[in-house]
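Here's the structure we're looking at; comments come further down.
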Amino acid sequence: MTIIQPNHSNVWLNRTLVLLVALVVFSAAWLVSLYTQLVNLNHGISQASSEIQDIQTANAELKDRIFGLFDQDRMKAVADARSLIKDREPQYLEADKWSLAASQP
């Protein structure tokens with residue numbers, strides 16, 4: 001004899017299906033969050049690299065200006081304007097390096 005129970009449901013199967021669906025939803029949300037963080041990181045890296053490139057450009061321009069200030073022709077013009085002459089045989093004051101080192105506190 002066959003007993004039919006139309007309103008009987010398998011509780012274990014329902015709980016397993018609910019758990020699997022919850023796991024899939026949680027995994028999908030976690031992957032979306034992970035992808036968003038990756039995209040934000042990539043945007044931050046590209047922004048930082050463009051800022052680095054701007055700083056390098058500004059640094060190169062500043063070096064050009066500094067080297068332009070100390071250009072040999074410009075230094076000669078400044079020396080001529082102030083009536084300075086180039087000393088061919090400069091004489092330096094010499095000091096004993098050990099006496100200077102001993103006098104330091």
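The values are calculated or read from the model by the stated rules, or taken from the named source; none is laboratory data. Bear in mind the structure is a predicted one, so any value in this text is a computation, not a measurement. Cβ atoms come from the backbone with ideal geometry, glycine included; neighbour counts cover every protein chain shown.
Might you let me know whether region 86-94 holds any residue that is free of Cβ contacts under 8 Å to residues at least 24 places away in the same chain and surrounded by 10 or more Cβ atoms within 10 Å (Cβ to Cβ)?
No, the conditions are met nowhere in region 86-94.
Criterion first (assigned to a helix (DSSP H, G or I), at pLDDT below 95 and out of contact with any Gly (no Cβ under 9 Å at 6 or more places or on another chain)) does Ala58 satisfy it? Write out each step before concluding.
Details: assigned to a helix (DSSP H, G or I): yes; at pLDDT below 95: no; out of contact with any Gly (no Cβ under 9 Å at 6 or more places or on another chain): yes.
For Ala58, the condition - assigned to a helix (DSSP H, G or I), at pLDDT below 95 and out of contact with any Gly (no Cβ under 9 Å at 6 or more places or on another chain) - is not met.
May I ask you to verify whether Trp98 is surrounded by 10 or more Cβ atoms within 10 Å (Cβ to Cβ) and not β-branched (Val, Ile, Thr)? Break it down stepwise before answering.
Numbers: surrounded by 10 or more Cβ atoms within 10 Å (Cβ to Cβ): no; not β-branched (Val, Ile, Thr): yes.
No.
Which residues, counting only those in region 61-85, are surrounded by 10 or more Cβ atoms within 10 Å (Cβ to Cβ) and part of a loop (DSSP other than H, G, I, E, B)?
Across region 61-85, the qualifying residues are Asp71, Leu84.
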